Amino acid sequence: DGVVVSEKVKSNNLDVKIPESDLETEGKGTEEEPTRESDSNILDVSLDYPRDKHISIQRYLSDLEKLADLREDKKKPCPLCPEEKFKACYSHKLRRHLQNLHWKVSVEFKGYRMCICHLPCLPVKPNLAGDQTVSKMGAHYHCIICSATITRRTDMIGHINRHVNKGETESRFITVRAPPTEVVKESATDVQVLPNHSTPQKTDSYFNPKMKLNRQLIFCALAVLAEERKPIECLDAFGATGIMGLQWAKHLRNSVKVTINDCNEKSVTIIKENCLLNKMKVKLNIKEEGNDETVGDGEENTGTIEVTKMDANVIMHLRSFDFIHLDPFGTCVNYLDSAFRNVRNLGIVSLTSTDISSLYAKAQHVALRHYGCNIVRTEYYKELAARIVIAAVTRAAARCNKGIEVLLAVALEHFVLVVVRVLRGPSTADDSAKKIRYLLHCQWCEERIFQKEGNMVEENPYQQLPCDCHGSMPGRTAVLLGPLWSGALFNTGFLRRMLLEAVQYGLDEAQPLLKTLICEAECTTSKHFSTHGPGDENKQEECGVYIKTSNTSAEPYLVHGKRKGEDVVRSVAKRARAEHSAEHPAFYYNVHRHSLRGMNMPKLNKFLTYLSEAGYRVSRTHFDPMGVRTNAPLAQFKTVLLKYSTPTYTVGQADGPVHLPGDAHVGEEAPAAADTKAEDAEFPEDEKCGVAAAVSTHSSPPHCAAD
C-alpha cells in the first residue's frame, strides 16, 4: 500500500551521502526494492500505480503521514527532506512539519497533491569553493504527468496547464484512458481531433473549421490539374490532422498519389488513425525509422495514402511532385526555395499564409524582415498582401531558374491563398522577375501607380502619379511601396475550370467566390457572367499550354517547351493573346472612402453601370465588399460618383442627379438615393459569400505627411 517504514527512510538518507550503499540495498529483499527506487528518485514508467509514483505525490495527507510511520513513539526523519535540513523529531512535531511545509504548498491535479520535495533530486551544483559534496538542496516539485522537476510553484501550475492545453492528461504513473477525441466531418471526410484543436500553438492536431473555403479552393485547383495528366503526385507538406490529403484521395481516387507529411510524431499518429477511420490504406515511410510498410484495409478503388514524418524542406528536396501545398503556421517564406527546387514542369504550387498581421500592414517591420517589402496601411491592403506574397514566390522560383503564372490569388479575413503554375526555363524566370516593381502611393488621395520599367532615375517621380497632390499640398505626399508583383492575379480559363469542378463535386461554399473571381478577372459585372468565356468555349490557353475542357476532344495537351511543334504553339498562343481581352486593372477603390460628406451614394451595382457607360472597365472585387476594380483614374471615379449622388437633406424628392453651381446641363436620369443597407440588399446572396463579407471594418485613414 505504499507504506514506508522508518528504517527504510533512514537508509535512504544514508544513500544520499554514500552512493555505494545502493549496491547493498539491492540484496535486502524484494520488499525493499520499491521503496529504494522511489526514495532514490528512480522514476519507473510502469503502469503499476500507486507503488511506482514519486513519494511526494499523494492523494491524502494521511498517506503522506504514513510514509513517516507516526504510530511509533520514536524520533522519525521527514521522508521528503534530507537530514541536514530537517533532523529527526517526535511524531507531533513531524506531523506539523508535513502539514505546514509540504502539504499546504502542494499543487493539486485530479485529486492528487504534488507536494514540495527537498530531496537531492536535482543535479548537484558545486559551491564557490568547487566542493561537490557539500551543496544546497533546493525545493522542487515532481510533475505527475511527465516526471519533470520544477522549482517554483507558479511554474509548476503553468507546466500542468500546458499539459492540459495539449490534451496530455495521461500520467506515466496512472493508468487512465486516452484523452477524449472529437470526430469532425467535412466534405464526406471524417477526422479525429483533440478538444483543443483550434489552438495551433498548443495542440498536435490543429484543425480550423474556418479554413473550409480554403481547402475547397485548393481541392478545385488539384482537380483541374488531375484532368491534365494522370496520375499526379501531390504533397500536403503540413498535414496536421490530414484532412486535406484525405479529401484529395477520397474524391479523386486513382487520379492522384497523395503524400501527407508532418514533422510531429503525434500528428503522424493522428493522420494514420484518420486514414483508417476513412477506410483507406496507409503506406508508412518514416525516414527516422527507416521502414516502409502498408497497413489497413481500404475499400475498392481507393488509393493508398503515404504518410511521412520529416521536415517539409527535407521531403521537398528529396522528392519531386506535381502539386505541392504549403500551409505552415505563419509565413511560408522559409519553404519556398525547397518547394520550387524539385517541382515538375507545369506543376502547381499553392501556399496559404496566415501571418496577416504583417501582410495587412499591422506589423510593418515583420513584413520588411520576412518579405523585404516596405508597406503602409492603405484602402487596398488585402490586394497589396497578395502581391507581396506573389513577389516572394516569384523570387524563389527565379532562383531555381523557373518562372510562374499566377492562377489564383485570394485574400480573406484570416488567410492569403496563392496558386501558381511553374514554368521551367531561365527565359520564363526572367519574364516573371520583370513583373516585380515598386508602387507609388499618394498619401493624400490614395492614388497609386506602378513605377515604369527601366533602371534610369527620374528627376521628378511624382509626375508618374495621375493626381496633382504634390503641387497643391506641402511636403512629400507619396511613398514608395514594394517591391510587389505587378502582373495579373487571376487566370480566367483556370478559374472557369475550377468552377466546373466545384459544381461537379458539390462544393457549395466555393462556387460563389469562384464566380466573383471570374468576374473580377474579366473585369465585368455579374450581369455579364457566363460559364463559358468569349471565343472558343472548348479551349483554354494558359501560359502557352492548350488544355482540353469537358467538351474538347481527347487530344493530348501541348506543352510549351522544346518540342517538335514549338513554333506552331507560339504562333497560335500569340494570336490567342491578341484576341483575348486585356488584363484586369490593378487594385481597386472603396466607394465609402471617396464619397462626399452630406451626399447619398447611388447603389453600388448601379454605380458600376454608370462607370461602364462612361467607357471604363469595372467589376466588384472579393478583396473588399464595397470595392470597385476599374481602370478609371481616381479623378474620373470621383466625378461619376459625385454626379449620381444626391444631397442628404432632399428626402422624398424626385430622383435625379445632383445639380452643382455652374451645372446647367444634366440630361441623364440618376438613381434614387440609397444608404448602405440598401446597397447590401442589392448585392445578391451568392456574391456576398464570394466577396469577403466577413470584413466589418475599413482600413484606417492614410498617414499623411502633413499630419
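The values are calculated or read from the model by the stated rules, or taken from the named source; none is laboratory data. Since this is a predicted model, take the numbers as computed values, not measurements. With ideal geometry, Cβ positions are generated from the backbone for all residues, glycine too; neighbour counts draw on all protein chains shown. Ligands, DNA and RNA are stripped out before the accessible areas are found, and what is left, the full protein with its side chains, is counted by its heavy atoms. Shrake-Rupley method; radii C 1.70, N 1.55, O 1.52, S 1.80 Å.
Nonpolar atom fraction for the range 586-647, defined as the carbon and sulfur part of the 1.4 Å probe accessible area, stands at 50 percent.
In the full protein context, the range 586-647 carries 35 Å² of accessible surface per residue, based on a 1.4 Å probe and ignoring ligands, DNA and RNA. One chain, two ends: residue 184 and residue 595. Fully extended at 0.36 nm per residue, the span grows by 143.4 nm beyond their Cα-Cα distance. Amide H contacts of residue 403 (H built 1.01 Å from N, in plane; Pro and chain starts excluded): 423, 424, 425, 429 sit under 5 Å, all sequence-distant by 5 or more or on other chains.
To the nearest 10, the accessible area of residue 444 is 80 Å² with a 1.4 Å probe.
Centroid-to-centroid, using Cα positions, the range 611-625 and the range 57-105 are 81 Å apart. Of the GluC sites (Glu not before Pro) in the range 383-420, the ones in a loop by DSSP (not H, G, I, E or B) with at most 15 other beta carbons within 10 Å are 413. Note on exposure: 643, 76, 85, 185 ranked by accessible area (1.4 Å probe, complete protein assembly) read 185, 85, 643, 76, with the most exposed listed first. For the range 405-496, carbon and sulfur atoms together expose 51% of the accessible surface, with a 1.4 angstrom probe and every protein chain in place.
The Cβ shell under 10 Å around residue 594 holds other residues with a net charge of 0, Lys and Arg each +1, Asp and Glu each -1.
Scalar couplings 3J(HN,Hα) for the range 518-524, obtained by applying the Karplus form with A = 6.51, B = -1.76, C = 1.60 to θ = phi - 60°, are 5, 4, 5, 5, 8, 6, 10 Hz; x denotes Gly and Pro. Spin-label model, residue 87/residue 110: points 7 Å from Cα along the beta carbon direction are separated by 4.3 nm.
3J(HN,Hα) couplings calculated from phi for the range 592-602 with the Karplus curve 6.51 cos²θ - 1.76 cosθ + 1.60 (θ = phi - 60°) are, in sequence order, 6, 5, 10, 7, 8, 6, x, 10, 8, 6, x Hz; Gly and Pro show x. For residue 591, the amide hydrogen comes within under 5 Å of the amide hydrogens of 628, counting only partners 5 or more places away or on other chains and with H modelled in the peptide plane. Heavy-atom accessible area, probed at 1.4 angstrom with all protein chains present, ranks 281, 74, 309, 210 as 210, 74, 281, 309, highest first.
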